[in-house]
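Below is one structure, written out as structure tokens; the observations come after it.
Only the coordinates and a few stated rules stand behind these numbers; no lab work does. Not measured: the values here are computed from a predicted model. Cβ sites come from the backbone with ideal geometry, for glycine too, and all protein chains shown count toward neighbours.
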């Protein structure tokens, strides 16, 4: 089944909405977001390695990781999990350490479609339209697409 990525960055508002379906039940998709050893296997482009320093996917938990490319360039990210409801919903902050004053607030909804399928809906809110546009221009969509393709492979294994 084809599971296309849909990314919408509406003109004039500092939001990004991402929707993607998976051929796996909600509990498996949620687990792949909750366990750091699984997150490290799928998040981000294939040509980056991820070193997770902290990943506590619970309400009030923190997360941080560094992605490193084959050329040795490293990119740090961090945030907090404000709310996590198992197999249902999460709210987190997202910060690229290269731009430390730009923190997005993201909601992630895990929707049970029945028949062992899940829809993931992400709504990211940036502090300014310029910050949102910078995220879009950074190639974020390609990284999300590559990560979700790897998540498909992980869920199928």
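Among the candidates 7, 66, the residue that is over 13 Å from the mean Cα position of the chain (by Cα) and either within 23 Å of residue 155 (Cβ to Cβ) or in a strand (DSSP E or B) (or both) is uniquely 66.
Given the conditions (1) in contact (Cβ under 8 Å) with a residue 24 or more places away in the chain; (2) over 23 Å from residue 49 (Cα atoms); (3) surrounded by fewer than 17 Cβ atoms within 10 Å (Cβ to Cβ), which single one is not true for residue 130? Tallying (1) in contact (Cβ under 8 Å) with a residue 24 or more places away in the chain; (2) over 23 Å from residue 49 (Cα atoms); (3) surrounded by fewer than 17 Cβ atoms within 10 Å (Cβ to Cβ), residue 130 fails exactly one: (1).
The set of residues in region 12-31 that are crowded, with 19+ Cβ neighbours inside 10 Å and part of a helix (DSSP H, G or I) comprises 26, 29, 30. Please verify whether residue 7 is closer than 30 Å to residue 129 by Cβ, in contact (Cβ under 8 Å) with a residue 60 or more places away in the chain, surrounded by fewer than 19 Cβ atoms within 10 Å (Cβ to Cβ) and out of contact with any strand residue (DSSP E or B) (no Cβ under 8 Å at 6 or more places or on another chain), treating the condition exactly as stated. No: the conditions fail for residue 7.
Go through region 97-118 and give me each residue that's surrounded by 15 or more Cβ atoms within 10 Å (Cβ to Cβ), touching a residue at least 24 places away in the same chain (Cβ under 8 Å) and closer than 17 Å to residue 16 by Cβ. Correct list: 102, 103, 104, 108. Search region 68-96 for residues being in contact (Cβ under 8 Å) with a residue 12 or more places away in the chain and more than 17 Å from residue 33 (Cβ to Cβ), and hand back the single one that is surrounded by the fewest Cβ atoms within 10 Å (Cβ to Cβ). Across region 68-96, the extreme among qualifying residues is 70.
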